[in-house]
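Below is one structure; the comments refer to it alone.
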Amino acid sequence: MGKYTKDDIITKARELAKMIADTEEVEYFKKAEAKINENQKVREKIASLKSLQKQAVNFQNYGKTNALKQVEAKLEAIEKEIDELPIVQDFKESQYEVNELLQIVSNTIANKVTDEIIKSTDGDLLQGKTGSQVKNEPNGMIH
C-alpha cells in the first residue's frame, strides 16, 4: 500500500492552486481583465460584435449569402480592431503567462512522477526505463 491516498493528493493540489492564484502572473491577469471590462471602447466594440453576430445568424437562416458576406467582413474588421487594442494585447499576454505557469507545473509533476517510478524500481534514469524494463531487455543488460 502507498503512503498517500488520492484525497491527500487532491488536498495538496488545492494548496498548489491557491499558491498559483497568488502569483504575480495571476495578479497581472486579473488587472488586465478588469481593464478590459471597464473600457468603454472595448465594451462598444463587443456590443457591435454581438449585434452583427445576430444579423449573421438571421442572414444565414434566410439564405441571404451576399448580406452574410458583408456582415462577416464587418465582424472580421471589428475583431481585428479589438485584437489590436493595447489593453487587449496586455490581457492576451497575461493569459499566456498564466497558461505557461500551469503548463510548467503540470510538466514538472509528470516528469517527477516518472523519475520517482524509475528510481523506486531501480531503473535507468538516463534511458528513462523502469527496473522491469531494464531487467527484461532482450540484449541481456542486467545490472
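A few notes on this one:
- Mean shadow area of the stretch 40-84, taken as a quarter of the surface of its Cα convex hull (nm²): 2.7
- Too-long pairs where the Cα-Cα distance tops 23 Å, listed order kept, from Lys3/Lys112; Lys64/Lys92; Lys18/Lys129: Lys64/Lys92; Lys18/Lys129
- Mean separation of Cα contacts under 8 Å (6+ apart) over length of the stretch 5-143, as relative contact order %: 18
- DSSP-loop chymotrypsin sites (Phe, Trp or Tyr not before Pro) across the stretch 53-93, with at most 16 other Cβ within 10 angstrom: Tyr62
- The stretch 75-116 - convex hull of alpha carbons, volume per residue in Å³: 62
- With coordinates expressed along the principal axes, the C-alpha atoms belonging to the chain extend over 73, 38, 28 Å, beginning with the largest.
- Unit charges at the beta carbon, dipole of the stretch 73-120: most positive-side option, Val98, Val88, Val113: Val113
- Local net charge near Asp8, Cβ-Cβ under 12 Å (Lys/Arg +1, Asp/Glu -1): +2
Bear in mind that the values in this text are calculations on the coordinates, not laboratory data. These numbers were taken from a predicted model, which means no experiment stands behind them. Backbone-built Cβ (ideal geometry, glycine too); neighbour counts: all protein chains shown.
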